[in-house]
Amino acid sequence: MTATKNMKIAVSQMTSVDNMEVNLAAILADINAAAAQGAELVVFPENSLYLRLAPGEPLRILDLNGAEAGAIAEAAAKNKINVLLTTPTAGAGVKAKNSTIHFAPGAQAKIVYSKIHMFDVDVDGAPPSRESEKFMSGEGPAVVEINGWKFGLSICYDLRFPELYSRYADSVDAILVPAAFLVPTGQAHWHLLLRARAIENQCYVVAPAQCGEHKSHSGVTRKTFGHSLVVDPWGHVELDNDLGPGLKTVEMKADRIAWVRKQIPMQHHRRMLGLGNKETVR
């Protein structure tokens, strides 16, 4: 743990669509609102700037030197607030990456993480998903430090793979999970998995989410689960936004992390990290 002071964080819940201009207006409004509420950092859900809804539609990606990124950077600088935004960015060839971008006040926007696990599934009650058709996997785990807090980064489907989060165990103060969970999987697994990640890694988990019914310009609709969460290191849910789009703030407490790790000193008890594939076959 590196945090020595508390951090007030703003969590944006969105109903993004396949219109970058509409989404950008909502993002800028939430950056202004977060700063007005005294937040040091505002986090946005997966696909916040562009959510592809109609199969076959081309992706719109964020150009770090483009107008949209410039507007977000300007808002971050004006409000003296950090922004973590997750949206499609350029990959290799015809494929994009699903990336988290850090807009620090007065600094150049920087991609800090790209989603590792591709959501290629057929879930009953939801349209099939083949994320790998349009996206490529990121390179690996990543940590970003903001105002003395270290954040282990992940995106949505990454949540189901605890081996990723074990790389962050004991070395981060919070884990970020921007997401666009489907309703069936959200109802079954969202709260359970996020609380587990907080408990097993003894850190805060911050999960800004897409919510509600997303309507495409072509008439296609999709529903996402919402329930943006902030979970403390003991597994207590500090924030659960069960409403529609909007912004909520939470103060994350540095001494809460220290207290939890003192109660159950897992950092001294871990035995599996670094062992690699050394299973014994009996």
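The values are calculated or read from the model by the stated rules, or taken from the named source; none is laboratory data. What you see is a predicted model, and the numbers here were worked out from it, not measured in a lab. No Cβ is skipped: glycine too gets one built from the backbone with ideal geometry, and neighbour counts run over all protein chains shown. Please note that ligands, DNA and RNA were not included when accessible areas were found on the heavy atoms of the full protein model with its side chains. Shrake-Rupley method; radii C 1.70, N 1.55, O 1.52, S 1.80 Å.
When peptides 214-222, 145-153 are sorted by average Cβ neighbour count within 10 Å, with the highest value leading, the order is 145-153, 214-222.
At a temperature of 10 °C and a viscosity of 1.306 mPa s, determine how fast the range 9-64 diffuses translationally according to Stokes-Einstein, using the Kirkwood radius over alpha-carbon pairs as Rh; express D in µm²/s, rounded to the nearest whole number.
131 µm²/s
Using only the Cα atoms of the chain, build the gyration tensor, take square roots of its eigenvalues as a ≥ b ≥ c, and label the shape rounded, prolate or oblate: rounded if a/c is under 1.5, else prolate if a/b is larger than b/c, else oblate. The shape class here is oblate.
Would you mind computing, in nm to one decimal, how far apart the modelled labels at residue 90 and residue 215 are, each placed 7 Å from Cα along Cα→Cβ? Rounded to a tenth, the inter-label distance reads 3.5 nm.
The packing ranking, built from the mean of other Cβ atoms within 10 Å per residue, places the peptides 182-188, 225-231 in the order 225-231, 182-188, highest first. Solvent-accessible area per residue in the chain equals 45 Å², computed with a 1.4 angstrom probe and all protein chains kept. Among rounded, prolate and oblate, which fits the range 70-202 when a ≥ b ≥ c are the square roots of the eigenvalues of its C-alpha gyration tensor, a/c under 1.5 means rounded, and a/b larger than b/c means prolate? Here the range 70-202 falls in the oblate category. Computed extension length for residue 273-residue 28: 84.1 nm, one decimal, from 0.36 nm per residue of separation with the Cα-Cα distance subtracted. Using a probe radius of 1.4 angstrom, the carbon and sulfur fraction of the accessible surface of the chain is 52%.
The order of the peptides 264-271, 72-79 by mean Cβ neighbours within 10 Å, most packed first, is 72-79, 264-271.
The separation of the range 107-157 from the range 44-87, counted between C-alpha centres, amounts to 14 Å.
Label reach from residue 19 (point 7 Å along Cα→C-beta): in the range 56-91, amide nitrogens under 18 Å belong to 57-61, 68.
With the convex hull of its Cα atoms as the shape, the range 9-141 has an orientation-averaged projected area of 8.4 nm².
Give me the compactness ratio for the range 160-282, meaning the Cα radius of gyration over 2.2 N^0.38 Å. Intermediate values should be presented prior to the final figure.
Numbers: Rg = 17.2 Å, N = 123, 2.2 N^0.38 = 13.7 Å.
Dividing the Cα Rg of the range 160-282 by 2.2 N^0.38 Å gives 1.26.
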